[in-house]
């Protein structure tokens, strides 16, 4: 009899020991944004800390059940680690760099991320509020809409250039995709006549280069297409006039010593054809003012 | 004449009346604070530890004044130890400066001291204890001096923004006295905690074996960008803070916020980054600078920066992150309301790239070689080779001749603040007709023994530096040590000559990186004894500083006995640091005990067997370290040995000298020299004519936790052993000794 009780006690103890690997366990179910099975692995790995916390994420519901030692950590601490791995959740938004690094299939829609209402903090103070009288969009005049249309194209181009400066093929590919979207979104009938003409001329080449850059992660192939993309973009920006000063820059060594150009918002040279290998190679050949 | 007289008669009383009126109008407002300094127990990490709280809080209360006020601060010392408070960066009479044993005697336990001084400047500053290591355990606080609203330098859009003072600090569960002691004994426990041991094993894994070998050949121990491991990083006393409203007003998208940031950390530099875009720097060390936009900045120990950040979107709080320079820990402020947008953490340092860089810079004699780069003002940062966010994750492929290879802003598309970008909005030129006195200092140091000095002299070894009132003092500082140093001048702001001409910024701290040369100048305008020192607490306490003193100045009424005060001031860097260790092994006890300070070392080693056959042996050495790198140490010694027929019966040494006495007590004269590869070479001659040469090294890092030791000498004695480190006090050791044979045991070190 005694031995049975002992055995029972041992069994009981060992099972509780198995179950309660995490002491003072508390479980909560929270939303974590993500797409696929790969996301699940990353999320659970980010939340997992031996004897302190673990998570079980459901791909269908996007809900994570998080178990943690309430004396050693907090739900927010676990969620912060998940966000740092690239996944938005109820408390934290992932750093943009972490999100950008996620593989293509994991790039979920960032519903929680708000559109920035302030993009140029420094210049906002000096500029008086425009169109203060009318708050409706229709009240804005046509010129600003046209600039807006192409501004998105230019901005995505600059983002693509920055990715090439960093020799980051994945991001470059993603940014080229954005560029395609931006190009397709342009309503060319709204463009002024002179801009329209150039747009028609370069449109197909722009699209083709963007597609090629998007279609590969091979940085040298991307850079090849970036040369002609930059040339066409330059022609476009010359007539469209950028929202702020843009620099047309040239590296004599690119393109097997034939040289190649690119556009940049900064006067300092950051070479997209070589990245850190020869970051400051090149010079500004033309300054395009608004 | 007559008219003049009547005019005088009539005008004079009027004038007097007028001045009275004016002085009434601008009557000095006295602002009084009462500070109660008290011991407390605090729990940041799950362990209750001693700390010092003022008015029951850490950090100390934020003191706010407006320019023109008179400050009256009552310090009630309710502890059982002495204290003091230094008002960092303030212009004030010398006796209010708060340096114990220099500008006042320490505030005795259970007494009250009153600091009273007019507020004649504005800006972000802070205050802290200048006594011992109290600053590490809670004695730091914000000190804000506002501009008058009618100040001509009042900047709309900056000085009227919602403002929050933020004090950065660190917390360690280890007593600071113990940290200081361990630093002086090159204890590698902090490196272990930070995963920065940089052992041979780790080096081989990443293909840097040669780098490590060259590093040790040049007699360097593994280096980190900082020395101390901290358990928690705090912003206003908390690792994480939600800033949702300022002065009752809810923050929303589009709002701008000004942060007055002071680095009250005892030894940590912090990287400041923001999730909501650029950081606009608007002031430094309490002085306005022309706004400059950056992606990040590093704040040196005890510096202050005022920055403006924007909340760029609705329903989101943006993380403002302070990360220690070694990137092991951080603290966050979430600015705004809603879901928290994080900023990318600073990636781990590439230590072996740093080691390689140091190898290139270090000459065989311990001097640094900048290879003709003339570095200054933090523009070239050698550490970029270790920053993955600048130089990429992989090994760098840059050309060694690239003049920009250490220029972070040329290498990457993120903008890092450096001193050359700071520009004062006002003309800061010194009086042109004043005589100029030029002083040159070389910052010197020795990591292995944790000795930090100026021109290889610590405070107690150097005379005070005499300057004359009215002189323009120009100081040229070169850093020939392997660590960066934030040099702080008391009581004056200096101009940092940074290429901005008459608009050179005013500062009271200058961070000087290894191999940099910086020039600063100030007008000597307030008499007194002013401390000029490295603000890394443990460097200061090791004596890295000087005292400026004015010729023929009046005596300080708060220092009744200058000789006694000086002796107490000097005691800080003369302090002896104790260490000891003993191996409780199966074949006996092996151990040593040492007392060391800047120059002297008193050490005793012993090997005690468990029976007469194994013998008992002790060696005691009293020596003095010579030279800047302290590789040479002549000593006198005393040896005693008792043994009955050892295992190893060798009684003849390599030179054919015989030694048959089993009971031997002799005096000796000898010299220790640290050879390349950090091997200690000892030559000793004893009173009985016997000569002994010995090679030894005890801390070869094989892997992160494993150390190899060996010893061999001309008495044909030898030893080899392995040590596995558990924690800062215990390790497992196994060794073979020619006298006592094979043994294994537990080593206790203190």
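So which residues in segment A:80-112 are outside any loop (DSSP other than H, G, I, E, B), within 22 Å of residue B:241 (Cα to Cα) and at the interface with chain B (Cβ under 9 Å from one of its Cβ atoms), if there are any at all?
A:80, A:83, A:84, A:89, A:92, A:93, A:96
Would you call residue A:233 within 17 Å of residue A:162 (Cβ to Cβ), within 14 Å of chain B (Cβ to nearest Cβ) and either crowded, with 16+ Cβ neighbours inside 10 Å or in contact with a strand residue (DSSP E or B) (Cβ under 6 Å, 6 or more places away or on another chain) (or both)?
no
Mind checking which residues of segment B:341-352 are more than 9 Å from chain A (Cβ to nearest Cβ) and surrounded by fewer than 21 Cβ atoms within 10 Å (Cβ to Cβ)?
Across segment B:341-352, the qualifying residues are B:346, B:347, B:348.
In this structure, does residue B:109 turn out to be out of contact with any helix residue (DSSP H, G or I) (no Cβ under 8 Å at 6 or more places or on another chain) and farther than 19 Å from residue B:302 by Cβ?
yes
Do we have residue B:311 as within 29 Å of the chain's Cα centre (by Cα) and more than 18 Å from residue B:489 (Cβ to Cβ) here?
Considered against the rule, which asks whether it is within 29 Å of the chain's Cα centre (by Cα) and more than 18 Å from residue B:489 (Cβ to Cβ), residue B:311 comes out as no.
Conditions first: (1) part of a helix (DSSP H, G or I); (2) crowded, with 18+ Cβ neighbours inside 10 Å; (3) over 19 Å from the mean Cα position of the chain (by Cα). Residue B:179 passes all but one, so which condition is the exception?
The failed condition is (3).
Going through segment B:113-157 one residue at a time, which ones are under 29 Å from the mean Cα position of the chain (by Cα), at positive phi and either within 14 Å of chain A (Cβ to nearest Cβ) or part of a loop (DSSP other than H, G, I, E, B) (or both)?
Those that are under 29 Å from the mean Cα position of the chain (by Cα), at positive phi and either within 14 Å of chain A (Cβ to nearest Cβ) or part of a loop (DSSP other than H, G, I, E, B) (or both): B:132, B:138.
Please state which of the following conditions residue B:525 fails to meet, knowing it meets all the rest: (1) surrounded by fewer than 24 Cβ atoms within 10 Å (Cβ to Cβ); (2) in a strand (DSSP E or B).
Only one criterion is unmet by residue B:525, namely (2).
Please work out if residue A:190 is away from chain B (no Cβ under 14 Å), surrounded by fewer than 20 Cβ atoms within 10 Å (Cβ to Cβ) and within 26 Å of residue A:99 (Cα to Cα).
So residue A:190 does not fit the description; no.
When you scan segment B:11-34, how many residues do you find that are modelled with pLDDT of 70 or more and farther than 28 Å from residue B:149 by Cα?
0
Conditions first: (1) out of contact with any helix residue (DSSP H, G or I) (no Cβ under 7 Å at 6 or more places or on another chain); (2) assigned to a loop (DSSP other than H, G, I, E, B); (3) touching a residue at least 24 places away in the same chain (Cβ under 8 Å). Residue B:498 passes all but one, so which condition is the exception?
(1)
Identify the residue in segment B:285-311 that is more than 14 Å from chain A (Cβ to nearest Cβ) and in contact with a helix residue (DSSP H, G or I) (Cβ under 9 Å, 6 or more places away or on another chain) and, among all such residues, is farthest from residue B:333 (Cα to Cα).
B:289
Consider residue B:556 against the criteria (1) farther than 28 Å from residue B:301 by Cβ; (2) over 27 Å from the mean Cα position of the chain (by Cα): it satisfies all of them except one. Which criterion is unmet?
(1)
Condition test on residue B:219, is it part of a strand (DSSP E or B) and away from every other protein chain (no Cβ under 14 Å)?
Judged against the criteria, residue B:219 is not a match.
Just need a number here: residues in segment B:312-328 that are within 22 Å of residue B:226 (Cβ to Cβ) and within 14 Å of chain A (Cβ to nearest Cβ).
Result for segment B:312-328: 4.
Out of the residues in segment B:406-424 meeting the condition of being over 24 Å from the mean Cα position of the chain (by Cα) and more than 10 Å from chain A (Cβ to nearest Cβ), tell me which one is modelled with the lowest pLDDT.
The selected residue is B:414.
Please work out which residue is farthest from the other protein chains (Cβ to nearest Cβ), limiting yourself to segment A:244-284 and to residues that are more than 22 Å from residue A:156 (Cα to Cα) and not in a loop (DSSP other than H, G, I, E, B).
It comes out as A:283.
Has segment A:141-160 got any residue that is at pLDDT 80 or above, closer than 30 Å to residue A:32 by Cα, within 14 Å of another protein chain (Cβ to nearest Cβ) and touching a helix residue (DSSP H, G or I) at 6+ places or on another chain (Cβ under 6 Å)?
Yes: one or more hits.
Of the residues B:675, B:669, only one is farther than 19 Å from residue B:637 by Cα and surrounded by fewer than 17 Cβ atoms within 10 Å (Cβ to Cβ); which?
Exactly one of B:675, B:669 is farther than 19 Å from residue B:637 by Cα and surrounded by fewer than 17 Cβ atoms within 10 Å (Cβ to Cβ), namely B:675.
Please count how many residues of segment B:283-320 are assigned to a strand (DSSP E or B) and buried (at least 21 other Cβ atoms within 10 Å of the Cβ).
Selection size over segment B:283-320: 20.
Could we say that residue A:238 is in the same structural domain as residue A:155 (by TED's automatic domain parsing), part of a helix (DSSP H, G or I), over 18 Å from residue A:164 (Cβ atoms) and in contact with a strand residue (DSSP E or B) (Cβ under 9 Å, 6 or more places away or on another chain) here?
Considered against the rule, which asks whether it is in the same structural domain as residue A:155 (by TED's automatic domain parsing), part of a helix (DSSP H, G or I), over 18 Å from residue A:164 (Cβ atoms) and in contact with a strand residue (DSSP E or B) (Cβ under 9 Å, 6 or more places away or on another chain), residue A:238 comes out as yes.
Residues that are surrounded by fewer than 20 Cβ atoms within 10 Å (Cβ to Cβ), within 14 Å of another protein chain (Cβ to nearest Cβ) and over 23 Å from residue B:339 (Cβ atoms): does segment A:47-55 have at least one?
Yes.
Kindly establish whether residue B:338 is touching a strand residue (DSSP E or B) at 6+ places or on another chain (Cβ under 6 Å), farther than 23 Å from residue B:486 by Cα, surrounded by fewer than 23 Cβ atoms within 10 Å (Cβ to Cβ) and free of Cβ contacts under 8 Å to residues at least 60 places away in the same chain.
yes
In the list B:109, B:93, B:61, which residue meets the criterion of being touching a residue at least 12 places away in the same chain (Cβ under 8 Å), touching a strand residue (DSSP E or B) at 6+ places or on another chain (Cβ under 9 Å) and more than 20 Å from residue B:144 (Cα to Cα)?
Selected residue: B:109, the only one of B:109, B:93, B:61 that is touching a residue at least 12 places away in the same chain (Cβ under 8 Å), touching a strand residue (DSSP E or B) at 6+ places or on another chain (Cβ under 9 Å) and more than 20 Å from residue B:144 (Cα to Cα).
Filter segment B:587-609 down to residues that are in a strand (DSSP E or B) and either touching a helix residue (DSSP H, G or I) at 6+ places or on another chain (Cβ under 7 Å) or farther than 30 Å from residue B:573 by Cα (or both), then give me how many there are.
6
The values are calculated or read from the model by the stated rules, or taken from the named source; none is laboratory data. Values in this document were obtained by computation on a predicted structure and should not be read as measured data. Methodologically, a virtual Cβ is constructed for each residue, glycine included, from the backbone with ideal geometry; neighbour enumeration extends over all protein chains shown.
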